[in-house]
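The values are calculated or read from the model by the stated rules, or taken from the named source; none is laboratory data. None of the values given here were measured: they were computed from a predicted structure. Cβ coordinates were reconstructed from backbone atoms using ideal geometry, including for glycine residues, and neighbour counts include every protein chain displayed. Surface accessibility is based on the protein's heavy atoms, side chains included, excluding ligands, DNA and RNA. Shrake-Rupley method; radii C 1.70, N 1.55, O 1.52, S 1.80 Å.
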Amino acid sequence: MTTAIVAPALLSLPFALALLGWKGGVVVLTLAAMVTFYSYNLLSLVLEHHAELGKRQLRFRDMAHDILGPGWGRYYVGPLQLGSCYGAVIACTLLGGQSLKFIYLLARPDGSMQLSHFIVIFGIFTLILAQIPSFHSLRHINLVSLILCFAYCACTTAGAIYIGDTNKGPPKNYSLTGTGVNRIFGFFNAISIICTTYGNGIIPEIQATIAEPVKGKMFKGLLVCYTVVISNYFSVGISGYWAFGNQVESSVLQNFMVGSNPLLPKWFLLMTNGFTVLQVAACSLVYLQPSNVVLERRFANPEKGQLSLRNFVPRLIARSLSVIIATTFAAMLPFFGDIMALFGAFGCIPLDFILPMVFYNLTFKPSKKGLIFWVNTVIGVASTGLSLIGAVASVRQIILDARTYRLFANM
């Protein structure tokens, strides 16, 4: 859970706060934490309920199939989850490439290699790791990922505080940028980014790996996970916005270097970006799982072993193609903040803010006179509105950026 939520996407939180301002940013950051913790707990309770009835659901699509109907699972929730998770793989690949380029520029400030080259390098690294056969096989990588989250978040926070305290960065200006429609769309863009950083579209798949009895285990996991989430998100978001104000970039690590001049010791920047590259690779592997399942259910033979030639060759081909396509998209569209907002609006908000409320109300049928029913309804309706407006805002921003940057831009 921690690897799926606390991904390097959180490095865009200072950028989101810059679009919302101090009060709005902190309020949205807090509300998103509360709502997602609540919604993930609701999902867990629904899954436990169906497991007790003898029908353990292993995927988001299975939940939609049983609760909403077969059509919802096959034509809406399944594709939505697949697209959202695959979008996260694209965003992780882009961020991994950006971090590798950052390391390269530390060593060779006048180097000629471009961002797309580093995205391909990171893609090759991910392609190799993607051959790990199952979700369960990732448990050791996820443990290392948990340690790396704390490491690069601590480095990012310390670096931002140091730069802000020594005035090496730009003059602090916390005024909101843009006017009129641009500012309004910026608000919704920022909300989509924050929702994306809290997103975890694979709660059912994670809970499916828990040994029986399941009851209560997921809640304990959520408590540990959100201890990590809150400590890292607030420290990175607030310190980054405090240090750089409205000049903060879509990934705050980009502010640690002005042109070819590092604002922090090179060894420190190398360490921070090294931690980020490794953790974002682990995150990519987790979010590749839904597409892996879809492909391997079609091509694998369950009667053969995971490492048998019959299953190994199709798995190698399918996973390699999946990573190659994600790498190509990451190199084509290197607008990290905009991509985060787009996937938040189209994928994370429906999966993490709307569907859990619907699933709970339809499964347990709480009284319409009770608090739970109306809390879930209000969250679901408000999130639907945010999703629609955020989708328009994020697509609009990508169109605006596309006028400035070309495909395969060297950002």
Notebook entry, point to check: When only residues in the range 106-121 that are at pLDDT below 90 and open to solvent by less than 40 Å² (accessible area, probe 1.4 Å) count, which is nearest to residue 10 (Cα to Cα)?
Noted result: 115
Check: Out of all the residues in the range 348-366, is one or more assigned to a loop (DSSP other than H, G, I, E, B), modelled with pLDDT of 85 or more and closer than 25 Å to residue 72 by Cβ?
Finding: yes
Next item on the list: Could you pull out the residue among 156, 177 that is more than 24 Å from residue 291 (Cβ to Cβ), in contact with a Gly (Cβ under 8 Å, 6 or more places away or on another chain) and surrounded by fewer than 20 Cβ atoms within 10 Å (Cβ to Cβ)?
Entry: 177
Note to self: If I go through the range 232-270 residue by residue, how many of them are under 17 Å from the mean Cα position of the chain (by Cα) and small (Gly, Ala, Ser)?
What the structure shows: 3
Checklist line | Among (1) out of contact with any Ser or Thr (no Cβ under 9 Å at 6 or more places or on another chain); (2) under 17 Å from residue 64 (Cα atoms); (3) aromatic (Phe, Trp, Tyr), the one test that residue 353 misses | finding: (1)
Checklist line | Residues being surrounded by fewer than 21 Cβ atoms within 10 Å (Cβ to Cβ) and either within 30 Å of residue 109 (Cβ to Cβ) or β-branched (Val, Ile, Thr) (or both) - total across the range 207-247 | finding: 13
Note to self: Test of understanding: among 128, 141, which residue is over 16 Å from residue 273 (Cα atoms), open to solvent by 60 Å² or more (accessible area, probe 1.4 Å) and of a type in the set (Val, Ile, Thr)?
What the structure shows: 128
Notebook entry, point to check: Looking at (1) assigned to a helix (DSSP H, G or I); (2) of a type in the set (A, V, I, L, M); (3) over 18 Å from the mean Cα position of the chain (by Cα), which is the one condition that is false for residue 58?
Noted result: (1)
Notebook entry, point to check: What's the number of the condition residue 66 fails, among (1) among the acidic types (Asp, Glu); (2) assigned to a helix (DSSP H, G or I); (3) in contact with a Ser or Thr (Cβ under 8 Å, 6 or more places away or on another chain)?
Noted result: (3)
Note to self: Name the single residue that is surrounded by the most Cβ atoms within 10 Å (Cβ to Cβ) among those in the range 248-273 being out of contact with any helix residue (DSSP H, G or I) (no Cβ under 7 Å at 6 or more places or on another chain) and at pLDDT 90 or above.
What the structure shows: 265
Margin query: So, residue 309, is that one surrounded by fewer than 22 Cβ atoms within 10 Å (Cβ to Cβ) and either over 22 Å from the mean Cα position of the chain (by Cα) or among the hydrophobic types (A, V, I, L, M, F, W, C) (or both) or not?
Written below: yes
Checklist line | Residue among 40, 104, 75 that alone is under 15 Å from residue 352 (Cα atoms) and hydroxyl-bearing (Ser, Thr, Tyr) | finding: 40
Checklist line | Answer from 118, 102, 60 - the residue that is within 27 Å of residue 325 (Cβ to Cβ) and touching a strand residue (DSSP E or B) at 6+ places or on another chain (Cβ under 8 Å) | finding: 102
